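The structure appears right after this line, and notes come after that.
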Amino acid sequence: MLKRYFAIILLCLTSFALAQIEAEKNNETSKDSLKKRVFLENIGFGYFPTKYFNFDLRYLIKYNQFEGLRTGLGGVTNEQFSDKFRVNGYVVYGFRDERFKYSIGGGFRLKRESDTWLNIAYTDDLQETGSSKFLTDKRFFSFFEPRLLNIDLFHRHITKSIALQHKVSNHLLSETQFAVSRVDPTYNYTFVSNGQSFESFRYSTSTLSLQWSPFNKFEYIDNTIEETLDGYPKFTGQVTKGFSGVFKSNFNFTKFDFRTIHQINHGNAALTRLTLVGGLATGETPLTQLYHAYPNNIRKETILQRFSVAGLNSFETMFFNEFFSDRFATLQIKHAFSPFKISTQWQPQLVLISRYALGDMSSIAQHQGINFETLNKLYSESGFEINKLILGFGLSFAYRYGGYHLPSLGDNFAFKFTFNLSL
């Protein structure tokens, strides 16, 4: 209604006043568009923004084989609350293990130009055994995490950490962390080291992580530097050192992790993506600090009983807890063809995939109570996906061959849903 009154007034104004008001009107439209863009960006990163606090959508609801249904709330204060410090945390509850998990932390901005933050955190939660992550990784959010549904091997950790994140340049990000953890496997496991048997573990670790994106491009937009091109290849490296005797830590070890991603865009949404990941752990290292190769297959008799949802970067024919390594490398090659433009709303896409894994373990005898193999022969699987058939769902097919081909032919196949949803 007010807009109509303003329109009448505008007809009576001089051309100069008309131009001034039109400029203001365009400015308001620009602000509305900016607000909408910021809101969608927050949702894309998994946040529901409010005036002073952004709710974290990752903690609303999940499911896995150990906790069953896992639900809770979490979030972080935003720059409207303060641009100099932030408070973040979450609390969740697992209905199968009947236990609360939580984290509380905060950060202090030391320098805006280099996005330098000093962060502290206290976390009491679960972590998948054999999983690893890079500190500098951008936040990842998916409304549906298919691989999580079938994970059953977790360890509990109580971790206190202090970290410094710093942008060395637009192309080079760094994060350094010191953490003290107490780790208790939720499964039967004993680590034997120097004649001692450990069923729970204390770690004191220092970690340096670097992410180098030399081909990204940036521009000054509204007095801020914004990324205008996500270039490839990208390189990420991380070194973790465990110190025995520091804050009652049990073990000396060193871990080296590396990842490079290269993507070739062929136009019309066709692309080829190569991902190389490697890891090496030396010293006295329990299974909780070692590596799996991102498996995503459950142990059931028939291919239909194993029917589930494919992950984004997982080995679909590799069974959970089948392999662990203290040194490993994986290579994944994906080629996505241009979508089939059947109609405006229905445009499925064919993706060809090949995955390879190689690894080894120095002393399997140290790890007792759990059975697994090593990857000292080349693990190979290939297949295809047809994505976005209906409502973001598609189909995936993969076949296991080479050094770890199984005697029963049906055990080498994986047939699953895929799920891809873009905002």
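Calculate for the chain the 222 nm mean residue ellipticity that helices alone would give, adding -39,500 (n - 2.57) per DSSP H run of length 4 or more and normalising by residue count, nearest 500 deg cm²/dmol. Numbers along the way, then the final one.
Details: 2 runs with 41 residues, N = 423.
Result for the chain: -3500 deg cm²/dmol, rounded to the nearest 500.
In square angstrom, rounded to the nearest 10, how much accessible surface does ASP97 have for a 1.4 Å probe?
40 Å²
What's the Cα-based Rg to Rh of segment 132-286, Rh via Kirkwood?
Expressed as Rg/Rh, it is 1.05.
Considering Cα pairs under 8 angstrom that are at least six residues apart, work out the relative contact order of the chain and quote it in whole percent.
9 percent
To the nearest 0.05, what FRET efficiency results for ASP115 and PHE235 with a Förster distance of 22 Å applied to their C-beta separation?
So, using R0 = 22 Å, E works out to roughly 0.65.
What is the antiparallel percent of DSSP beta bridges lying wholly in segment 186-321, to the nearest 5?
If I count the DSSP bridges inside segment 186-321, around 95 percent turn out antiparallel.
Just checking my list (i) 21.4, 62; (ii) 24.9, 93; (iii) 21.8, 67 against Rg and Dmax of the Cα atoms in Å computed from this structure; which label fits?
Calculated Rg and Dmax of the Cα atoms in Å: the matching label is (ii).
Would you tally the net charge around GLY359, using a Cβ to Cβ cut-off of less than 13 Å, leaving GLY359 out, and scoring K and R as +1, D and E as -1?
Once positives and negatives cancel, what remains is -2.
Of the options TYR401, PRO49, GLN345, report the single residue whose Cα projects farthest towards the positive end of the charge dipole of the chain (beta-carbon charges: Lys, Arg +1; Asp, Glu -1).
Positive-most Cα among the choices belongs to PRO49.
Mind listing the phi-derived Karplus ³J(HN,Hα) values for segment 283-297, rounded to whole Hz, using 6.51, -1.76 and 1.60 with θ = phi - 60°, and x for any glycine or proline?
In residue order, the calculated couplings are x, 8, 10, x, 4, 5, 9, 9, 10, 9, 10, 6, x, 8, 9 Hz.
Could you give the length gained on full extension between SER338 and ASN313, defined as 0.36 nm per residue of separation minus the Cα-Cα distance, in nm?
On the way: separation 25, 0.36 × 25 = 9.00 nm, distance 2.02 nm.
Contour length minus Cα-Cα distance gives 7.0 nm.
Quick check on segment 129-210: take the gyration tensor over C-alpha atoms, sort the square-rooted eigenvalues as a ≥ b ≥ c, and tell me if it's rounded (a/c under 1.5), prolate or oblate. The partial results should precede the final answer.
Working: a/c = 2.92, a/b = 1.38, b/c = 2.12.
The shape class here is oblate.
If one computes the Cα centroid of segment 82-138 and of segment 292-330, what distance in Å separates the two points?
28 Å
Kindly sort ARG70, ARG58 by accessible area of their heavy atoms, largest first, with the probe set to 1.4 Å.
The ranking, largest first, comes out as ARG58, ARG70.
With axes computed from alpha carbons, what is the tilt in degrees of helix 2-12 against the longest principal axis of the chain, rounded to the nearest 10 within 0 to 90?
With rounding to tens, the tilt is 40 degrees.
Note down the nm distance, to one decimal, between modelled labels 7 Å out along Cα→Cβ at GLU226 and at TRP346.
3.7 nm
Taking the simple approach of a point 7 Å from Cα along Cα-to-Cβ for both SER354 and ASN265, what is their distance in nm?
Those two pseudo-labels are separated by 2.6 nm.
Students sometimes get this wrong: rank TYR122, TYR52, TYR47, TYR189 by accessible area, probe 1.4 Å, all chains present, largest first.
TYR52, TYR122, TYR47, TYR189
Separation of segment 332-363 and segment 368-423 by C-alpha centroid, Å?
Going from one Cα centre to the other spans 11 Å.
Mind putting a number on the dipole of segment 278-404 about its Cα centre? Charges go on the C-beta only, +1 for Lys and Arg and -1 for Asp and Glu, and I need it in Debye to the nearest 20.
That gives a dipole near 460 debye.
Assign unit charges at the C-beta atoms only (+1 for Lys and Arg, -1 for Asp and Glu), then state the dipole size of the chain relative to its Cα centre in Debye, rounded to the nearest 20.
460 debye
Compute the helix-to-body angle for 15-44: its Cα long axis versus the longest principal axis of the chain, expressed 0 to 90° and rounded to tens.
10 degrees
Summarise the long-distance tail of P(r) for segment 52-167 by giving the % of C-alpha pairs beyond 25 Å.
Above the 25 Å cut-off, segment 52-167 has 27 percent of its Cα pairs.
Taking a cut-off of 16 Å between Cα atoms, list the aspartates and glutamates near LYS241, but don't count ones fewer than 8 places away on the same chain.
Here the aspartates and glutamates satisfying the reach criterion relative to LYS241 are GLU175, ASP257, GLU284, ASP326.
How large is the accessible surface of THR260 in square angstrom, using a 1.4 angstrom probe and rounding to the nearest 10?
Rounded to the nearest 10, the figure is 30 Å².
Within segment 45-61, whose backbone N sits under 17 Å from a point 7 Å along Cα→Cβ of THR71?
Of the residues in segment 45-61, 56-61 have backbone N under 17 Å from the label point off THR71.
By how many nm would the segment from ARG99 to LEU274 grow when fully extended, if each residue of separation counts as 0.36 nm and the alpha-carbon distance is taken off?
59.0 nm
How large, in percent, is the carbon and sulfur part of the accessible surface of the chain at a probe radius of 1.4 Å? Intermediate results must be reported in sequence, preceding the final value.
Details: 14250 of 23440 Å².
Looking at the chain in its full context, I get 61 percent from C and S.
Rounding to the nearest 20 debye, state how big the charge dipole of segment 283-357 is about its Cα centre with +1 on each Lys and Arg Cβ and -1 on each Asp and Glu Cβ.
320 debye
The values are calculated or read from the model by the stated rules, or taken from the named source; none is laboratory data. Note that the coordinates shown come from a computational prediction; the quantities given were computed from them, not determined experimentally. No Cβ is skipped: glycine too gets one built from the backbone with ideal geometry, and neighbour counts run over all protein chains shown. Just so you know, the surface numbers come from the protein's heavy atoms only, side chains and all, with ligands and any DNA or RNA stripped out. Shrake-Rupley method; radii C 1.70, N 1.55, O 1.52, S 1.80 Å.
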